[in-house]
Protein chains: 4
Amino acid sequence: MAKAVHHAQVRWSDPDQLGHVNHSRYLSYFEDARMELLSTSPSGLAGAPGDRGYIAARVAVDYRYPVEYRPGLLLRVETWASKLGTSSWTLSQEMYDGEDLVASCECVLVAYSYEGKKSRPLDPDERAFWSDYS
Amino acid sequence: MAKAVHHAQVRWSDPDQLGHVNHSRYLSYFEDARMELLSTSPSGLAGAPGDRGYIAARVAVDYRYPVEYRPGLLLRVETWASKLGTSSWTLSQEMYDGEDLVASCECVLVAYSYEGKKSRPLDPDERAFWSDYS
Amino acid sequence: MAKAVHHAQVRWSDPDQLGHVNHSRYLSYFEDARMELLSTSPSGLAGAPGDRGYIAARVAVDYRYPVEYRPGLLLRVETWASKLGTSSWTLSQEMYDGEDLVASCECVLVAYSYEGKKSRPLDPDERAFWSDYS
Amino acid sequence: MAKAVHHAQVRWSDPDQLGHVNHSRYLSYFEDARMELLSTSPSGLAGAPGDRGYIAARVAVDYRYPVEYRPGLLLRVETWASKLGTSSWTLSQEMYDGEDLVASCECVLVAYSYEGKKSRPLDPDERAFWSDYS
């Protein structure tokens, strides 16, 4: 199983007044990892022309370990497809600070036709792409 | 059952380039609703002195409806306690744009002793407070 | 001279680890005040269709007073036009926490034709609108 | 003259609905470049213990060129000291996308005693450090 790897840069203003990276920022790190992978997929980066859209229906994050800012800090995010349905799929993600698991994420994506304004079946090439990450 | 109500102000820069409020911003709206309620609880706002801490262990958001910026837009967030355990509790939340359900959220909070560096049982007054929102 | 008034909601995650609202968030508060006013102007909210665009060329902020989060905190932002040129104008802004001046801002806006890809003269109705705030 | 170099990672959610990186995000990129440099200075990263504090008194940004998100995009930020006074100094910064100048920034920093609650003269080793970047 292939996993996509992204390195997320932590910003000075990401921690909140408790000194830990605010939990909502984790979603941006996870999002950027997905976007980088999605941009290489047949459906392309969200918002690309055409009618192979997709939308995030659900995101769940488990927080394991508080992260503090330090200059140059990069968090490693690993992404893979943990479920592959007819018109939806689930990306699972883990984020690490060195060897420490910081948080894990599950994101349910739904293939969506902006023209038809409803969900659509995944195309064979989309399905093949995500199978490689399953 | 009492529900706490918070009104979240949507900012011009909250939507992303697809024109919809970015999914990570929803977590800030939900967080602010929780913080407002927590600040009136016996354990106080996170980061307050004393040893009645709590940490967010899990957040799950279901996205129902895309929100676009408009000047003056306020989203209504309702918060209540859906589970009440020995040392943890779950806050359920719903966010509305007028009558439309925009998103729902479940957040698992764990009572935590910063001195003992481990979870702690909820105190009776904390338990009583959350029972009123159950 | 008329001044437009906006109330900016401070979020729990706006302060950074020093406990003060991060300086970059001030720009979002000022921006939202401008956007609310611009949406009532003849040229409309940025991104509206047509060719009466405008772009921010320069923003300068003076920081006077550190702001801490408290539940329900709203900062009052006052906005007026301090200079009115042929194809650009300057909005001056002040932000208050109660009676305390928190920060002041100057933003230079340039009327811009997206079709012509260059600056354009302000139209008479645009000029009249901003004169009322001068 | 030495210049410090920082590479800022652009996030998917940094552009606003016009498709360009929101102007307030630039301040975070510039801030991170300063923080990285400040962390190597004798006064240390803001918020460090001791009484060699400093605060940002003024930030001015000139916007030259709109930036769009693309996966993997890093902006190069160069930072140097353009003025060195008794109790304050100015950091000038330029941000580049490849060879294109995206924005420039001037930030006035004031050496500040948190104990005395007033500005303080820069110490000789602080002055020497910033001279190397002048």
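The values are calculated or read from the model by the stated rules, or taken from the named source; none is laboratory data. The structure displayed is predicted, hence computed values, not measured ones. So basically every Cβ, Gly included, is an ideal-geometry build from the backbone, and we count neighbours across all protein chains shown.
Quick one: how many residues across the stretch C:102-133 are part of a loop (DSSP other than H, G, I, E, B) and surrounded by 15 or more Cβ atoms within 10 Å (Cβ to Cβ)?
Count: 3.
Please verify whether the stretch A:38-45 includes one or more residues that are among the small types (Gly, Ala, Ser), surrounded by fewer than 22 Cβ atoms within 10 Å (Cβ to Cβ), assigned to a loop (DSSP other than H, G, I, E, B) and touching a Pro at 6+ places or on another chain (Cβ under 9 Å).
Yes, the stretch A:38-45 contains a residue that is among the small types (Gly, Ala, Ser), surrounded by fewer than 22 Cβ atoms within 10 Å (Cβ to Cβ), assigned to a loop (DSSP other than H, G, I, E, B) and touching a Pro at 6+ places or on another chain (Cβ under 9 Å).
Go through the stretch C:34-44 and count every residue that is within 12 Å of chain D (Cβ to nearest Cβ) and either over 12 Å from the mean Cα position of the chain (by Cα) or in contact (Cβ under 8 Å) with a residue 40 or more places away in the chain (or both). So that I can check it myself, show each step before the final result.
Applying the first criterion (within 12 Å of chain D (Cβ to nearest Cβ)) to the stretch C:34-44 yields C:34-35.
From what is left, the residues that are either over 12 Å from the mean Cα position of the chain (by Cα) or in contact (Cβ under 8 Å) with a residue 40 or more places away in the chain (or both) are C:34.
Of the residues in the stretch C:34-44, 1 are within 12 Å of chain D (Cβ to nearest Cβ) and either over 12 Å from the mean Cα position of the chain (by Cα) or in contact (Cβ under 8 Å) with a residue 40 or more places away in the chain (or both).
So which of C:Val59, C:Val67 is closer than 20 Å to C:Glu94 by Cα, touching a residue at least 24 places away in the same chain (Cβ under 8 Å) and more than 10 Å from every other protein chain (Cβ to nearest Cβ)?
Details: C:Val59 fails: more than 10 Å from every other protein chain (Cβ to nearest Cβ).
Only one candidate qualifies: C:Val67.
Restricting the search to the stretch B:8-33, which residues are assigned to a loop (DSSP other than H, G, I, E, B) and more than 12 Å from chain A (Cβ to nearest Cβ)? Before the answer, list the steps.
Step one: filter the stretch B:8-33 for residues assigned to a loop (DSSP other than H, G, I, E, B), giving B:10-14, B:16-20, B:22.
The answer is B:Val10, B:Arg11, B:Trp12, B:Ser13.
For the stretch A:44-58, name all the residues that are at pLDDT 85 or above and not hydrophobic (A, V, I, L, M, F, W, C).
Selection gives A:Gly44, A:Arg52, A:Gly53, A:Tyr54, A:Arg58.
Could you look through the stretch B:83-95, keep only residues that are buried (at least 17 other Cβ atoms within 10 Å of the Cβ) and free of Cβ contacts under 8 Å to residues at least 60 places away in the same chain, and pick out the one that is farthest from B:Phe30 (Cα to Cα)? Before the answer, list the steps.
Start the filter on the stretch B:83-95 by keeping residues that are buried (at least 17 other Cβ atoms within 10 Å of the Cβ), which leaves B:88-91, B:93-95.
This time we only want the ones that are free of Cβ contacts under 8 Å to residues at least 60 places away in the same chain, so: B:88-91, B:94.
Numbers: B:Ser88: 18, B:Trp89: 16, B:Thr90: 13, B:Leu91: 10, B:Glu94: 8 Å.
Residue satisfying both the conditions and the ranking: B:Ser88.
Taking the stretch A:17-31 only, how many residues are farther than 18 Å from D:Arg25 by Cβ and more than 12 Å from the chain's Cα centre (by Cα)?
The total comes to 5.
Residues are listed down the side, and each one gets a yes or a no for (1) within 11 Å of another protein chain (Cβ to nearest Cβ); (2) at pLDDT 95 or above; (3) out of contact with any Asp or Glu (no Cβ under 9 Å at 6 or more places or on another chain):
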site: C:Glu78; (1), (2), (3): no, yes, no
site: C:Leu84; (1), (2), (3): no, yes, yes
site: C:Trp89; (1), (2), (3): no, yes, no
site: C:Met95; (1), (2), (3): no, yes, no
site: C:Asp100; (1), (2), (3): no, yes, yes
site: C:Ser104; (1), (2), (3): yes, yes, no
site: C:Tyr114; (1), (2), (3): yes, no, no
site: C:Arg120; (1), (2), (3): no, no, no
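Do you know which residues across the stretch A:1-17 are closer than 20 Å to C:Arg70 by Cβ and touching a residue at least 12 places away in the same chain (Cβ under 8 Å)?
Quick first cut of the stretch A:1-17, residues closer than 20 Å to C:Arg70 by Cβ only: A:13, A:15-17.
Result: A:Pro15, single match.
Condition test on C:Gly72, is it at the interface with another protein chain (Cβ under 10 Å from one of its Cβ atoms), surrounded by fewer than 17 Cβ atoms within 10 Å (Cβ to Cβ) and touching a helix residue (DSSP H, G or I) at 6+ places or on another chain (Cβ under 8 Å)? Outline the logic, then answer.
Values: at the interface with another protein chain (Cβ under 10 Å from one of its Cβ atoms): yes; surrounded by fewer than 17 Cβ atoms within 10 Å (Cβ to Cβ): yes; touching a helix residue (DSSP H, G or I) at 6+ places or on another chain (Cβ under 8 Å): yes.
Taking the combined requirement at face value, the residue satisfies it.
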